[in-house]
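Below is one structure; the comments refer to it alone.
The values are calculated or read from the model by the stated rules, or taken from the named source; none is laboratory data. This is a predicted model, so every value here is computed, not measured. Neighbour counts are summed over all protein chains in view; Cβ atoms, including those assigned to glycine, are modelled from backbone coordinates with ideal geometry. Note: areas computed on protein heavy atoms with side chains; ligands, DNA, RNA excluded. Shrake-Rupley method; radii C 1.70, N 1.55, O 1.52, S 1.80 Å.
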Amino acid sequence: MIKVIETANWILRDGENILSVRSHGRDRFYLPGGKIDPGETAREAIKREIKEELGVDLIPGTLRQLGTFAGQGHNLPEGSIVRMTCFTGYYCGTLAPEREIAELRWLSPRERHLMAPMGQKITAALFDI
């Protein structure tokens, strides 16, 4: 049986580098964001998740949906599909790892191998690698 996990994720670039996060106990980096709660829109979820994970507020008028990507979830049972709705947007505040986030890091295209497979897939598509 296929299980679909809906997430909202943030794409933040600094030149060619992309902001990535690693949760406590995880071996790979992910795009910041997380699961969309029942009754919540992707836009609501991305604002909530980024505040919880990185301690910053996304500026609502700047949020732009880039696309939705789907694939097998990293370290999840076979058939667990993650469908990631990705946004760009500006923020206010100072980026810092919060709650479940152990580390944030700006990864270059050459460091994509440090990301979970879906992050690799999305960054390759977005950066035309």
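Tallying residues that are within 29 Å of MET1 (Cβ to Cβ), small (Gly, Ala, Ser) and loosely packed, with under 13 Cβ neighbours inside 10 Å within segment 34-83 yields 3. ARG83 satisfies every condition listed in (1) modelled with pLDDT of 95 or more; (2) not in a loop (DSSP other than H, G, I, E, B) except (1). Each residue in segment 114-129 was checked for being closer than 19 Å to GLY25 by Cα and either open to solvent by less than 40 Å² (accessible area, probe 1.4 Å) or touching a Ser or Thr at 6+ places or on another chain (Cβ under 9 Å) (or both), and 5 pass. Those residues that are over 18 Å from MET118 (Cα atoms), over 14 Å from the mean Cα position of the chain (by Cα) and not acidic (Asp, Glu), I need them from segment 11-46; list them, please. Answer for segment 11-46, where residues must be over 18 Å from MET118 (Cα atoms), over 14 Å from the mean Cα position of the chain (by Cα) and not acidic (Asp, Glu): GLY15, HIS24, GLY25, PRO38, GLY39, THR41.
Can you find a residue in segment 18-29 that is touching a Ser or Thr at 6+ places or on another chain (Cβ under 8 Å), of a type in the set (A, V, I, L, M), open to solvent by less than 40 Å² (accessible area, probe 1.4 Å) and assigned to a loop (DSSP other than H, G, I, E, B)? No, segment 18-29 contains no residue that is touching a Ser or Thr at 6+ places or on another chain (Cβ under 8 Å), of a type in the set (A, V, I, L, M), open to solvent by less than 40 Å² (accessible area, probe 1.4 Å) and assigned to a loop (DSSP other than H, G, I, E, B).
Within segment 8-22, take every residue that is modelled with pLDDT of 95 or more and of a type in the set (S, T, N, Q) and give me the one that is nearest to ARG64 (Cα to Cα). My answer is ASN9. Take the residues in segment 1-17 that are in contact with a Gly (Cβ under 8 Å, 6 or more places away or on another chain) and of a type in the set (S, T, N, Q); name whichever of them is surrounded by the most Cβ atoms within 10 Å (Cβ to Cβ). The qualifying residue surrounded by the most Cβ atoms within 10 Å (Cβ to Cβ) is ASN9. For segment 87-113, the candidate set comprises residues that are β-branched (Val, Ile, Thr) and assigned to a strand (DSSP E or B); within that set, the residue that is most open to solvent (accessible area, probe 1.4 Å) is THR88.
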